[in-house]
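Worksheet: the structure to be examined is printed underneath.
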Amino acid sequence: MTDQLREKRIGIVGVVIIAIFLTLISRLWYLQVATGEELALQATSNRVRVIQEEAPRGRILDINGNVIVDNRITKSIVIDRVQLSNEKRKKEVIKKLSKVLNIDSKVVESRIADQRISPYKPVPVAIDVPFDRIQYIKERQNEFTGVDAVPLPVRRYPNGNLAAHLVGYVGEINDEELSTRKDDYQLGETIGKSGIELAYENYLRGEPSIKKVEIDVKGRVLRQISYKEPVPGNDLILSIDIGLQQVAETSLARQIEITRSVQDTSDKTKFTKFKAPGGSVVMVDPNNGFVKALASFPTFNPAEFVDGIPTPIWEELNDPKNAFPLNNRAVQGLYAPASTFKMVTAIAGNNTGIITPYSTFNDTGSLKVSDREFKNAGKKANGVINLSSALTVSSDTFFYNIGSKLWSLQYKQKPGGDAIQDTAREFGFGSVTGLPIGNESKGRIPDEEWKQKVHDENPEAFPYAQWLPGDNVNTSVGQGDTLVTPIQLAMAYSTFANGGVLYQPQLVSEIRESESKKVVKKIKPIPIRTIEMSESLVNSMKDGFTGVISNEKGTARNAFLSFPTNIPVAGKTGTAEVSGKQDTSLFVGFTPIKKPNFVAVAIVEEAGFGAGTAAPIVKRTFEGVYGLPVTDVIFAAPPGGID
Amino acid sequence: MPIAKTLHQAKRQISAKPWKQIDVILISAVAAISVLGCLMIYSASRSRLGELGISKTYFLERQIGFVIIGFVLMGIVMSVDYRKMRDVSPFLYVGVIAMLVLVLSPIGSSVNGTQGWFNLPGGFGLQPSEFSKFFLIIILASYIAANEQFHLGALFKTLVIAAVPIGLVLLQPDLGTAMVLCAILIGMLSVAGTKGRYLLVMMLFAVVGVVGVLQLGVLKEYQVERLTGFINPSHDTQGITYNLDQSKTTIGNGGFSGKGLFKGEQTNLSYVPEQHTDFIFTAIGEELGFIGSATVLVLLGIIAWRIWRISRAAPDAAGTLICIGVVSMFVFHVFENVGMTMGIMPITGIPLPFVSYGGSAILLMFMSIGLVNNIYMHRFE
């Protein structure tokens, strides 16, 4: 080995050493200075975890402060995934736990496998766990790593199914809700799914507690950095009176039960009973639009949704055989209003000068329009009648006449030809009323434009594009293509009853802080528009509506026979023909007559005459209003078998 | 040439007192880095110890003890002329082999899957593989220096001499130490005058060897993953690359000026595994920032420079080769350790010289510096 070579090699070693140190320093510069900020940020998110816990949800109370929905504390079983991170151990614990709790181990697995739930938040796997099961687990804590029993507030429904459609139900937030809600919702949280729980979610939810913790590499919580107290959700004071709600619901259910046992005599071919699959009742205060009771049949049990609804029950609720109990018929149901619509036609006829409050008309039992003959129900001739008696006996011909004459105006392109449609729209038909629950239907007021449109869209199914006289005649008695919802009908009659103010219906009268009871928001009535009606017209119509119940010829007289005669009640029946189905039974009532405080609508599908099913429901509901004993009415047929 | 003669005489005079010839810069750098090491061990271990309910100064106290023993051992190594060690190298070789065989027997004990420790009273463990580095340097230097012409036969014999301890270390298995031994071998062989192409072939063998070890299943699965984690960072999400990510994140969190001593957030929360031993550099990075970490690298660089410098001043070939062996070992330790914490080298259990906690490693480093100083002291002879 020459010295020269050695010197050279030593030199190379030196160069290698310098290169190595330069590499290290450059890498250090890259990590700490060039990308240091990014890594520092990563370090923070690495260490700090935000744990969000739901605040107690606000209560839902009735107008008198009675509880409709509040919370109860249930013992739930949760699994802390940080503690149970060992895969083998996890399998053992899940197996044991599902056996003890008698639940499917797959359910537990899928719940704790959900990576979207914060890993620092214990995952609830079962609620309402019996005490002996909890004891069993607690005594064998070493076998149940990470399993704990914690109190969990869940919704409580002290009145069972009462007001189920109104209050709606809650459930675990789903992906869609999570992405559309801009707020700080997290998976696993409870959210309102329908009814008031959904509409007032922002008030009921409150603000979750936010705990920031520092964790170590194993995910163990080391210390709490900050804690923000939860703000409990606000209490909602509804305009609903649970006493009236109870009466409305039981009346609806009871009368439907009775009607289902009655023969549908309109079917001449065979013995058929009424199907009466569903119906609804709406009662409002006509002076401000606040809803007093709102019932839909069939109903459901919101308590079944508390821990995620079991699949068989969910399937049952969505089976067409069961008439869709989750649907809120009071706001979603679409029905031909039939004779209850005559109120609109009457006002339209008066406003266009076709009739006056006192003018007479000879009802011969039918009216010839163009080449077609339109008959009264039962072909009965009522003789010379005026507006008032036309309403009492529910003469169709009287209103056909108005419809027919208005069509002529339309045809001549004179003003007022669309008076029925315009009046209907003024009273709120054909558009949503604005009730915040139940995914409201708009309904339909058919006119020339609508007919042209459906024809253009589907010329085969709707061969006629022209608005024919018959169309207007049908509309004048609420048949044909007219569709309304029970809530629309209630608001329209409220408008008539209060002298012309159309209100937006509302359910919540007050919002309060749950602990201090401080009023957060006092809800005021929302008037939408005022409709001019002459006093003589109103009086004449009121006389007619009064006669419906108290006149011997009144269509609902039999239904109200057991109702005290000293209490002034008025109303209007309706029997709607539905193609391929039994008739829809409708009734709208209001009381007292002079200055009404209650307007009630009942509509039952495939239940025959308005007087047979719907009128008794309203009668019972009014009995509730006046604190009278409620009595059944066995399918009160209208006098002469007409409506 | 009177001046030359006077100089020569002066040299002779100075050499008469070898103790006055020690490399003060080298010793100072070692002392400084040792003190810094103690401080960082305390910082990196106190919260973890506190959590376990053990005295927070447990590792600090022991490390101070190791450093003191280290200085004493360094003094002892300096006081025995390295040429005497060279003369007994065959016996040293037999001793090293015996220790490495013994540790594989039931007398030895295993930590983290590596059979590499002798348990001593007082909870101390002795790692013969650490000391094998020191002795292999002396043995190889003696053998190579004894061959005036470093021909192919001598090269072959040298390789065989080195292969036995390397093989035994691999049986533990301690891949990190085996790699250090290879680095020492290659460093020394290159200065011995081995032809460039042979060196290249050997380096190729070393790489093939490492891959072979990984493939043959000598290592436990987690050891393989640890080694390859830096190549496939996305391979696993929570395990090895997680540690690597934490390591890089922690260093990056320090930024330019650091979070301040004892104020490292990641360090205090025990995010990085083995932070007082193999990953001590992350604590330095987070708490002292770029300024502090670079200072540590500069101090380590000064040590490397001084050792390299001494290799050129050595009075004989054996001295030069010893210095090259020590500097190869030292720089490989630094490169591998610091490189792994920053994600540019595979993760192996190699400590950072004078900084990482660990008795055997600290003692080895002090002994090696003693050996280098020994050579420096005799440079005029």
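The values are calculated or read from the model by the stated rules, or taken from the named source; none is laboratory data. Bear in mind the structure is a predicted one, so any value in this text is a computation, not a measurement. Every residue, glycine as well, gets a Cβ built from its backbone with ideal geometry; the counts of neighbours run over all protein chains shown. Please note that ligands, DNA and RNA were not included when accessible areas were found on the heavy atoms of the full protein model with its side chains. Shrake-Rupley method; radii C 1.70, N 1.55, O 1.52, S 1.80 Å.
Kindly express, to the nearest 10 degrees and within the range 0 to 90, the angle between helix B:152-171's C-alpha long axis and the longest C-alpha principal axis of chain B.
The angle comes out at about 30 degrees.
On average, how many beta carbons from a partner chain sit within 10 Å of the beta carbon of a residue in B:244-254?
Per residue, the number of nearby Cβ atoms from other chains is 6 on average.
Can you tell which of B:Ile324, B:Val103, B:Leu39 lies farthest toward the positive end of the dipole of segment B:22-377, using +1 and -1 charges on the Cβ of basic and acidic side chains (Lys, Arg; Asp, Glu)?
Of the options given, the answer is B:Ile324.
Sum -39500 (n - 2.57) across every DSSP H segment of at least 4 residues in the protein assembly as shown, then divide by the residue count to get the 222 nm mean residue ellipticity, nearest 500.
For the protein assembly as shown, the value works out to -15500 deg cm²/dmol.
Could you give the radius of gyration (one decimal) and Dmax (whole number) of the Cα atoms in segment A:578-630, in Å?
For segment A:578-630, the Cα-based Rg and Dmax read 12.6, 40 Å.
Where nothing but the Cβ of Lys and Arg (+1) and of Asp and Glu (-1) is charged, how large is the charge dipole of segment A:242-641 around its Cα centre, in debye to the nearest 20?
960
Net charge around A:Pro525, counting only other residues with Cβ within less than 15 Å of its Cβ (Lys, Arg = +1; Asp, Glu = -1)?
Around A:Pro525, the surrounding residues sum to +3.
Based on a Kirkwood Rh over C-alpha pairs, give the Stokes-Einstein translational diffusion coefficient of segment A:117-173 at 20 °C and viscosity 1.002 mPa s in µm²/s.
150
In peptide B:193-205, what is the residue-averaged number of other protein chain Cβ atoms found within 10 Å of each Cβ?
1
If only Cα atoms are counted, what is the Rg of the protein assembly as shown, and what is its Dmax, in Å?
47.2, 158
How far apart, in nanometres, would the label points at B:Phe256 and A:Tyr227 be if each is projected 7 angstrom from Cα along the Cα-to-Cβ direction?
4.0
Using the Cα centre of chain B as origin and beta-carbon charges of +1 (Lys, Arg) and -1 (Asp, Glu), tell me which of B:Val88, B:Gly358, B:Gly70 is placed farthest towards the positive end of the dipole.
Selected residue: B:Val88.
As I understand it, the dipole of chain A uses +1 on the Cβ of Lys and Arg and -1 on the Cβ of Asp and Glu, about the Cα centre. Which of A:Ile79, A:Gln263, A:Pro337 lies farthest toward its positive end?
Most positive-ward Cα: A:Ile79.
Tilt of helix B:128-146 relative to the longest C-alpha principal axis of chain B, in degrees (0 to 90, nearest 10)?
30
Calculate how steeply helix B:58-79 sits against the longest principal axis of the alpha-carbon atoms of chain B, using the helix alpha-carbon long axis, and give the answer as 0 to 90 degrees to the nearest 10.
Here the helix axis deviates by roughly 10 degrees.
Could you pull the accessible area for A:Ile12 with a 1.4 Å probe, rounded to 10 Å²?
90
What shape does segment A:145-189 take by its C-alpha gyration tensor, where a ≥ b ≥ c are the square roots of the eigenvalues and a/c under 1.5 counts as rounded, a/b above b/c as prolate, and the rest as oblate?
Details: a/c = 3.19, a/b = 1.13, b/c = 2.82.
Oblate shape, in that a/c is at least 1.5 and b/c is the bigger or equal ratio.
As an exercise, take the mean of 1/r over every pair of distinct alpha carbons in segment B:10-135, invert it, and state the Kirkwood radius in angstroms.
Evaluated on segment B:10-135, it is 17.9 Å.
Leaving ligands, DNA and RNA out of it, report the carbon-plus-sulfur percent of the accessible area of segment B:22-377 at a 1.4 Å probe.
Answer for segment B:22-377: carbon and sulfur cover 69 percent of the accessible area.
Counting C-alpha atoms alone, how compact is segment A:242-641: give Rg to one decimal and Dmax as a whole number, in angstrom.
20.8, 71
How much of B:Glu274 can a 1.4 Å solvent probe reach, expressed as accessible area in Å² and rounded to 10?
In the full protein context, B:Glu274 sits at about 90 Å².
For segment A:585-643, which trypsin sites (Lys or Arg not before Pro) are both in a DSSP coil and crowded by at most 15 other Cβ atoms within 10 Å?
Counting only loop positions with at most 15 other Cβ atoms within 10 Å, the trypsin sites (Lys or Arg not before Pro) in segment A:585-643 are A:Lys594.
Treating cross-link reach as a plain straight distance, find the lysines whose alpha-carbon is under 23 Å from the alpha-carbon of A:Lys91, omitting any fewer than eight places away in the same chain.
Of all the lysines, those that pass the test against A:Lys91 - Cα under 23 Å, at least 8 places apart if same chain - are A:Lys99, A:Lys106, A:Lys121, A:Lys138, A:Lys218.
For chain B, what is Rg from Cα atoms divided by 2.2 N^0.38 Å, rounded to two decimals? Walk me through the numbers on the way to the answer.
On the way: Rg = 21.2 Å, N = 381, 2.2 N^0.38 = 21.0 Å.
Dividing the Cα Rg of chain B by 2.2 N^0.38 Å gives 1.01.
If one takes the accessible area of chain B alone plus chain A alone and subtracts that of the pair, with a 1.4 Å probe, what total in Å², rounded to the nearest 100, results?
Its buried surface, counting both partners, is about 3700 Å².
What do you reckon, how do B:Val160, A:Val604, A:Val150 stack up by accessible area (1.4 Å probe), largest on top? Show your work: numbers first, answer last.
On the way: B:Val160 75, A:Val604 0, A:Val150 45 Å².
Largest accessible area first, the list is B:Val160, A:Val150, A:Val604.
As an exercise, identify the GluC sites (Glu not before Pro) in segment A:522-586 lying in DSSP coil whose Cβ has no more than 12 other Cβ atoms within 10 Å.
For GluC sites (Glu not before Pro) across segment A:522-586 that sit outside H, G, I, E and B with at most 12 neighbouring Cβ atoms in 10 Å, the list reads A:Glu532, A:Glu552.
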